[in-house]
Amino acid sequence: MKSNPKFETLAIKSTENKFSNSKPASTPIYLSSTYERNSDGSYTNDFVYSRDNNPNRKIVEQSVALLEKGNFGFAFSSGMAAVSAVFQSLKTGDHILLPDDIYYAIKKLMEEVFKHWNLTYDIVDMANLEMVKKSIKKSTSLIWVESPSNPQLKITDISAISAIAKENNMLCAVDNTWATPVFQNPLGLNADIVMHSSTKYFGGHSDVIGGCIVVNDENLAKKIKNIQLLSGAVPSPFDCWLIARGIQTLHLRVTKQTENALKLAYFLEMHPKIEKVLYPGLISHPQHLIAKKQFKNGFGAMLSVLIKGDETEAFKISTNLNYFKTATSLGGVESLIEHRKSVEGKNSSTPSNLLRISVGIEHIDDLIEDWKQALI
Ligand SMILES: *Cc1c(COP(=O)(O)O)cnc(C)c1O
């Protein structure tokens, strides 16, 4: 690309059709599982077999790498498959530091799958840098960061954690799902690995499951590529097509969603029936200053509220809402709300009066009116 295009331009340019001779403006879906050789045995565009590579996947992988300002992108069949690929790249006996407020399925994946492969881990408060340093063992090879975290919106200083990782010869991986590359580029803050659940903001319409990883280091990229190819948790061409299509409007959607989220956060913070609003854009957020330094142009479209009352009250409020579907997941154009503790189960440390909100692109006046009537 000639100049230095901005995010919105990159998102369109990087997802354009590249592989068809008839030049359709919109990329076709390449369902073929296999590709014909040329007479000399070579393959056009390096496509051989779709577990290895595919035009729709290649578009997604190149696009997410560009948007995350990294060298190599990899698409997976889900966010969890992308996380698994990172864990699979470690050695048995390796030790990992996980944040205390982490996407619950990642902790479960460690506890219920990778523990049996002899990967060990400790859970630390990533806001406490001294504790992070103290928790490092000889065998620690990875620090996993999630910022903002799910569901308590904790912010981790990615540069500080990456520096600790570098000093100790470890990798720092960042789950950037909630921030999106519109607001945060962890590789630019010296992280080694960025991971996304593309099910969320990349897809953006609650109709596709996917994940991706972006890295800068060539050796690490080779490892991840090999795991992707051999483990085979690859996304289908149609899923990639949906994600590439989602990426084209990512900036537009999340900008609007984030504007709405901030306004809703201000409104809810002032409401007498709300105990607390967890949103990094609020001055009341304990890591607001780090958030201000780390985010570009907005604080994302996820927030959680602690309501005054218990679980029953929380359920009542969420069902009173008309424009917020009570469903899991996030990042789609429609607003969603969820009582996290009941999803995470008994061992969850999420407060029972917490409701997690994924703010959509509806008109903010309607969203606020909806909360007004639901909180009566
Ligand atoms: C959804 C999510 C994941 C898991 O992604 P899937 O696409 O559901 O497999 C991981 N991390 C975060 C922060 C998420 O929100």
Test for SER159: is it of a type in the set (S, T, N, Q), surrounded by fewer than 20 Cβ atoms within 10 Å (Cβ to Cβ) and closer than 15 Å to GLN287 by Cβ: yes
Subset of region 91-102 that is in a loop (DSSP other than H, G, I, E, B) and under 23 Å from GLY345 (Cα atoms) - its residue that is nearest to the ligand (Cβ to nearest atom): ILE102
Criterion: on the phi > 0 side of the Ramachandran plot and crowded, with 17+ Cβ neighbours inside 10 Å - qualifying residue of LEU119, LEU97, LEU142, LEU153: LEU153
Pairs where the first residue, in region 271-287, is surrounded by fewer than 18 Cβ atoms within 10 Å (Cβ to Cβ) and the second is acidic (Asp, Glu), C-beta under 6 Å, 6+ apart: none
Unmet criterion (only one of (1) in contact with a strand residue (DSSP E or B) (Cβ under 8 Å, 6 or more places away or on another chain); (2) of a type outside the set (Val, Ile, Thr); (3) not assigned by TED's automatic domain parsing to the domain that holds ALA127) for ASN260: (1)
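Would you please name the residue that is nearest to ALA81 (Cα to Cα), looking only at residues in region 103-122 that are β-branched (Val, Ile, Thr) and within 16 Å of the ligand (Cβ to nearest atom)?
Selected residue: ILE106.
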Residue match in region 247-263 (condition: within 16 Å of the ligand (Cβ to nearest atom), surrounded by fewer than 17 Cβ atoms within 10 Å (Cβ to Cβ) and not in a strand (DSSP E or B)): no
The lone exception for LYS154 - which of (1) among the charged types (D, E, K, R); (2) away from the ligand (no atom under 16 Å from the Cβ); (3) assigned to a loop (DSSP other than H, G, I, E, B) it fails: (2)
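Table: residues versus (1) out of contact with any strand residue (DSSP E or B) (no Cβ under 6 Å at 6 or more places or on another chain); (2) more than 16 Å from the ligand (Cβ to nearest atom); (3) in a strand (DSSP E or B); (4) of a type in the set (A, V, I, L, M, F, W, C).
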{"position": "SER284", "(1), (2), (3), (4)": "yes, yes, no, no"}
{"position": "PHE299", "(1), (2), (3), (4)": "yes, no, no, yes"}
{"position": "ALA314", "(1), (2), (3), (4)": "no, yes, no, yes"}
{"position": "SER318", "(1), (2), (3), (4)": "no, yes, no, no"}
{"position": "TYR323", "(1), (2), (3), (4)": "yes, yes, no, no"}
{"position": "THR328", "(1), (2), (3), (4)": "no, no, no, no"}
{"position": "VAL333", "(1), (2), (3), (4)": "yes, yes, no, yes"}
{"position": "LYS346", "(1), (2), (3), (4)": "yes, yes, no, no"}
Top-ranked residue of region 17-59 - restricted to ones that are in contact with an Asp or Glu (Cβ under 9 Å, 6 or more places away or on another chain) and of a type in the set (A, V, I, L, M, F, W, C), ranked as surrounded by the most Cβ atoms within 10 Å (Cβ to Cβ): ILE59
Among the residues listed as GLY79, GLY70, the single one being of a type outside the set (A, V, I, L, M, F, W, C), under 24 Å from THR180 (Cα atoms) and within 16 Å of the ligand (Cβ to nearest atom): GLY79
Near pairs, Cβ below 9 angstrom, 6+ apart or cross-chain, from region 225-254 (farther than 23 Å from VAL333 by Cα) to any residue that is of a type in the set (D, E, K, R) and assigned to a helix (DSSP H, G or I): VAL234/ARG57
Residue count for region 168-216, restricted to those that are within 14 Å of the ligand (Cβ to nearest atom) and either part of a strand (DSSP E or B) or charged (D, E, K, R) (or both): 13
Every residue from region 62-77 that is buried (at least 24 other Cβ atoms within 10 Å of the Cβ) and aromatic (Phe, Trp, Tyr): PHE74, PHE76
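Could you say which residue among LEU330, LEU306, LEU289 is more than 19 Å from the chain's Cα centre (by Cα) and closer than 30 Å to PHE7 by Cα?
Step by step, each of LEU330, LEU306, LEU289 is checked, and only LEU289 is more than 19 Å from the chain's Cα centre (by Cα) and closer than 30 Å to PHE7 by Cα.
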Number of the condition not met by GLN88 [criteria: (1) within 16 Å of the ligand (Cβ to nearest atom); (2) closer than 30 Å to GLY298 by Cα; (3) not charged (D, E, K, R)]: (2)
Odd one out for ASN53 among (1) under 30 Å from HIS116 (Cβ atoms); (2) away from the ligand (no atom under 16 Å from the Cβ); (3) out of contact with any Ser or Thr (no Cβ under 9 Å at 6 or more places or on another chain): (1)
ARG356, sole failed condition from (1) in a loop (DSSP other than H, G, I, E, B); (2) within 16 Å of the ligand (Cβ to nearest atom); (3) not polar (S, T, N, Q): (1)
Residue within region 52-67 that is among the charged types (D, E, K, R), touching a strand residue (DSSP E or B) at 6+ places or on another chain (Cβ under 8 Å) and in a loop (DSSP other than H, G, I, E, B) present: no
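The values are calculated or read from the model by the stated rules, or taken from the named source; none is laboratory data. None of the values given here were measured: they were computed from a predicted structure. No Cβ is skipped: glycine too gets one built from the backbone with ideal geometry, and neighbour counts run over all protein chains shown.
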